[in-house]
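The structure appears right after this line, and notes come after that.
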Amino acid sequence: MRLGSAPRIAPLSFLCPSPLKDISLLSSRIKRLIFGSDSSFPMADTPAASYPMIGGDGRSSYAHNSSFQRTAVESAQALINEGISENLDIKQLIFSSPSPNTFSIADLGCSVGPNTFIAVQNIIESVKFKCLADDLCSEAVEFQVFFNDHVSNDFNTLFKSLPCDGQYLAAAVPGSFHGRLFPKASLHFAHSSYSLQWLSRVPQELLDKKSPAWNKGRICYFGAPSEVFEAYSAQFAKDMESFLNSRAQELVNGGLMALIVPCFPVGIPPSQCPIIVIIALLEATLMDMVNMGLVSEDKVDSFNLPGYNPTPQELRSLIDRNGCFSIEKMEPLVRNRGLVSESKNQNHILPVRAAWEGLIKGHFGSEIIDELFDLFNKKVLESPIFSQVNNNQVQEMFVLLKHRVA
């Protein structure tokens, strides 16, 4: 369906009527068409439920509360341009491929925009510039963009806000990027920003009361016993292996993948890392609600955030161990990573709520959400860490990978 001069959306009406009322059914039907059956390709080891960022266009939505992630995407523009210029063989990949003149891009973990559109636009402009530099006709290249996120992602809001410049064909690909999403050798460029820190599942050992990794009274691995940290680290390693193996199947030989991964710098005290402080404050808020009789202690004991931030060295080691990609570039993004308190309001809470509300609501129910975030906000505003710029929050690593020629 074409809407004015908006990007062309690949026709999916034969799969599911528009608007998409059952995106999980659509995902299943797409996979049957592409792979033959739902079970004929490797799937991610994920739980049945997923809780993406808050959709829509409201005050708490991710679309209005993702400027921190947007800055990372914008900071990577020059690196992506340079990476494409130096490492992408346009003539071989496009003009000598089985589908000549088509360049396929996937943004993995796209959420609801606008950050995904900024990343895609930069990739397209970089490829066009590369074509001109190689004396190739960029106008002959047709771009196909696949926007991927969990099946419960708000794709309707995403596609309502597509840029109106008609530069590419656009399609939604719902499903976990920890498993296969596309046919073999069908992508030329994959991109993922601020997504790989999310685990496919909470490590199961954390929920076993008989396990030394039982994470009683905590919601993450910070300040927890070593067994808890090891369980998180092992799950991240497993997820990265699945992610890289899946992309190795889907990218053409010589295809590129750009990643922005928030890592923890080695040697920084937890008290100087705002994200650790935020998690500790949320944990304290939940325990306050237990003491107030609003939440059961068992509920808190069984809640763990499914996120893990590796060190840069750990990330590099996992990529090297996988062996499917060469690391063309891996360096910290240069930008202001600090959180600045602009005013005594909920500005600090809204981005956190946009990212975590779905997880919290899925575990505790919707009844406590408003009161939880009100109490949480009070703790955040009282915390001294947000009264100053702090560049030690995370070390955002830009990673450019090239699929090794088989």
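The values are calculated or read from the model by the stated rules, or taken from the named source; none is laboratory data. Computed from a prediction, not measured in an experiment: that's the story for all the values here. Here Cβ is always computed from backbone atoms with ideal geometry, including for glycine, and neighbour counts include all displayed protein chains. The protein model used for the area step is the full one, side chains on, heavy atoms only, and it has no ligands, DNA or RNA in it. Shrake-Rupley method; radii C 1.70, N 1.55, O 1.52, S 1.80 Å.
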Seminar exercise, completed: Rounded to the nearest 10 Å², the 1.4 Å probe accessible area of S242 is 40
Problem set entry | Check: the range 258-335 dipole with +1 on Lys, Arg Cβ and -1 on Asp, Glu Cβ, in debye | 360
Problem set entry | Spacing of the two label points (7 Å from each Cα toward its C-beta) at I327 and S161, in nm | 3.3
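Can you give me the % of accessible surface on the range 217-268 that is carbon or sulfur? Probe 1.4 Å, all protein chains present, nothing else counted. Mind showing how you got there, number by number?
Values: 820 of 1580 Å².
Answer for the range 217-268 is 52 percent, counting heavy atoms of protein chains only.
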Exercise. Rolling a 1.4 angstrom probe over the protein heavy atoms, how many square angstrom per residue are accessible across the range 128-233?
Worked result: 41
Exercise. Taking a probe of 1.4 angstrom, what is the accessible area of W356 in Å², to the nearest 10?
Worked result: 20
For this session: Would you list, by chain and number, the aspartates and glutamates whose Cα falls below 19 Å from the Cα of K210, excluding same-chain residues fewer than 8 positions away?
Result: E227, E230, E297, D298, D301
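Hey, if we sort R321, R353 by accessible area with the 1.4 Å probe, largest down, what's the order?
Numbers: R321 160, R353 40 Å².
These residues rank, largest area first, as R321, R353.
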Exercise. Largest first, what is the accessible-area ranking of H188, H150, H363 with a 1.4 Å probe?
Worked result: H150, H363, H188
Exercise. Based on the alpha-carbon gyration tensor of the range 62-178 and its eigenvalue square roots a ≥ b ≥ c, which shape applies: rounded if a/c is under 1.5, prolate if not and a/b is larger than b/c, or oblate?
Worked result: prolate
Exercise. Just the accessible area for K216, please: 1.4 Å probe, Å², rounded to the nearest 10?
Worked result: 90
Seminar exercise, completed: On the accessible surface of the range 273-323, probed at 1.4 Å with all protein chains in place, carbon and sulfur together account for a percent value of 52
